[in-house]
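Read through the structure below, which is laid out as structure tokens, and then see the notes.
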Amino acid sequence: MREKMSADLKAAMKSGDRQKVDALRLINAALKDKDIEARGAGKTVSEDDVLALLQKMIKSRQESLDIYEKNNRPELADKERGEIAVISSYLPQQLSDAEVAEAISSAVAELGATSIKDMGKVVAALKAKHTGRMDFGKASAAVKTALSG
């Protein structure tokens, strides 16, 4: 994935796509920070860590986008939309709502989860299987509903 990002950055620089260059530089900076943090802890950054980082970056930009739209700042909102599009292009295909519901019900059945106390186990199992393909904020709410209902 990192090689693809580097190649895309070079291509964007050659083509003069300023928005893509800026977004890819932001991703690279965040990845370097993550590498430094992991090196300090004696670990390496896994592909799942990179996917989680990209999801976190998208969530942050989505929050900023909402604020800019509420405050009538279309130029800043467009910049955030562009960054979200570039970052999203490196994430695997997201699961549909039906697929998320199916994954939750199978994880609940697999773990024998029966109450809210089991929510952490179910979410951990979902993260292990579907990192980068599922919005865990929404999934956590769905797990809570499934376990309480």
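The values are calculated or read from the model by the stated rules, or taken from the named source; none is laboratory data. On a predicted model such as this, the values are computed, not experimentally measured, just so you know. Neighbour counts are summed over all protein chains in view; Cβ atoms, including those assigned to glycine, are modelled from backbone coordinates with ideal geometry.
Residues in the range 11-31 that are charged (D, E, K, R) and either surrounded by fewer than 14 Cβ atoms within 10 Å (Cβ to Cβ) or part of a helix (DSSP H, G or I) (or both): Lys14, Arg18, Lys20, Asp22, Arg25.
Checking each residue in the range 114-149 for being in a loop (DSSP other than H, G, I, E, B) and either more than 29 Å from Ile87 (Cβ to Cβ) or in contact with a Pro (Cβ under 6 Å, 6 or more places away or on another chain) (or both) picks out Thr114, Ser115, Gly132, Arg133, Gly149.
Somewhere in the range 71-85, is a residue under 20 Å from Arg133 (Cβ atoms) and in a helix (DSSP H, G or I)? It would help to see each step written out before you state the result.
Initial filter on the range 71-85 (under 20 Å from Arg133 (Cβ atoms)): 84-85.
Now drop any that are not in a helix (DSSP H, G or I), which leaves 84-85.
Among the residues of the range 71-85, at least one is under 20 Å from Arg133 (Cβ atoms) and in a helix (DSSP H, G or I), which makes the answer yes.
What do you reckon, is Asp97 exposed (fewer than 14 other Cβ atoms within 10 Å of the Cβ) and modelled with pLDDT of 90 or more? Criteria not met by Asp97. Test Glu69 against the stated conditions and say whether it is over 17 Å from the mean Cα position of the chain (by Cα) and either surrounded by 14 or more Cβ atoms within 10 Å (Cβ to Cβ) or farther than 20 Å from Ala125 by Cβ (or both). Taking the combined requirement at face value, the residue satisfies it.
Of Ala52, Ala101, Ala85, all but one fail to be among the small types (Gly, Ala, Ser) and more than 21 Å from Asp8 (Cα to Cα); the exception is Ala101.
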